[in-house]
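The values are calculated or read from the model by the stated rules, or taken from the named source; none is laboratory data. This is a predicted model, so every value here is computed, not measured. No Cβ is skipped: glycine too gets one built from the backbone with ideal geometry, and neighbour counts run over all protein chains shown. All accessible areas refer to the heavy atoms of the entire protein, side chains included, with ligands and DNA or RNA removed. Shrake-Rupley method; radii C 1.70, N 1.55, O 1.52, S 1.80 Å.
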Amino acid sequence: MIDLLDYVPIAAAGFAVPQFLPQIRKLRATGDSAGVSPSWAALTSVNNVAWFAYFTLSRYWTALVPSSSATLLAGTLAVMLLRRRRPGRRPAALIAAWAITLAAAGLVAGQVGLGALLTAAFLLQVTPSVWTAYRTARPTGISSGTWLLILGELTCWMIFGLHAADPRLVTLGATGIIVSTLMLARIYRCTRDPLPANG
């Protein structure tokens with residue numbers, strides 16, 4: 001018997017494949033990076049390499065498409081942002097250390113070790129994004145289209161995680177829904193608030 005929930009990763013792929021295109025297009029068109037974190041984009045790319053390995057070990061073949069797409073497009077966005085605003089040594093060192101930690105966990109402990117780290121990976125990944133968005137007075141560079149697609153994708157992963165009894169995917173999905181809602185609320189508030197008067 002066919003279980004339609006087994007195909008939820010295909011829906012997730014539909015949201016994930018073009019996920020970073022709205023942000024890339026907005027940055028290219030306006031040059032405005034206010035509120036957009038380079039560390040978020042870099043960590044997203046790094047983490048999705050690890051998710052690709054996890055999905056391969058778990059034999060979630062349909063999940064390879066969104067993870068590979070996010071790796072490529074988030075990496076592209078990170079390069080674009082870093083050309084405009086280079087991070088300090090500390091963020092760069094932390095991202096490199098995290099990448100090494102993920103690789104070591106995968107090599108030493110395989111799927112279980114990698115999955116354990118990936119449970120916390122998304123929270124680590126999006127923290128710079130939320131921090132930057134809420135610390136920037138007018139985060140006009142953030143694309144609502146990208147965060148709506150992230151919300152759609154991670155809602156799918158939570159549904160699939162519940163179906164597959166995979167606590168890592170449930171955690172990923174639930175965290176993603178909360179963070180996406182926070183980011184969309186910040187964008188909405190920015191668009192509603194009037195520009196400060198000159199003088």
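Annotations
- Of all accessible heavy-atom area on the chain, the percent that carbon and sulfur account for (1.4 Å): 67
- Pairs of Cα atoms nearer than 8 Å and 6+ residues apart set the relative contact order; for the chain it is 32 percent.
- Summing Cβ point charges (Lys, Arg +1; Asp, Glu -1) relative to the Cα centre of the range 42-189 gives a dipole of roughly 780 debye.
- The charge dipole of the range 61-146, taken about its Cα centre with unit charges on the Cβ of Lys, Arg, Asp and Glu (plus for the first two, minus for the last two), comes to roughly 560 debye.
- The convex hull of the Cα atoms of the chain, projected and averaged over all directions, covers 11.8 nm².
- Å² per residue, accessible surface of the chain at 1.4 Å: 52
- With every protein chain in place and a 1.4 angstrom probe, the accessible-area ranking of Ile178, Ile142, largest first, reads Ile178, Ile142.
- Rounded to 10°, Cα long-axis angle of helix 89-135 versus longest principal axis of the chain: 20
- Local electrostatic count at Trp147 - Lys and Arg +1, Asp and Glu -1, tallied over other residues with Cβ under 15 Å: +3
- Relative pair counts by distance (%), Cα atoms of the range 1-118, 5 Å bins: 2, 11, 18, 19, 18, 15, 9, 5, 2, 1, 0
- Taking 0.36 nm per residue of sequence separation and removing the Cα-Cα distance, the Ile100/Arg192 pair yields an extension gain of 28.9 nm.
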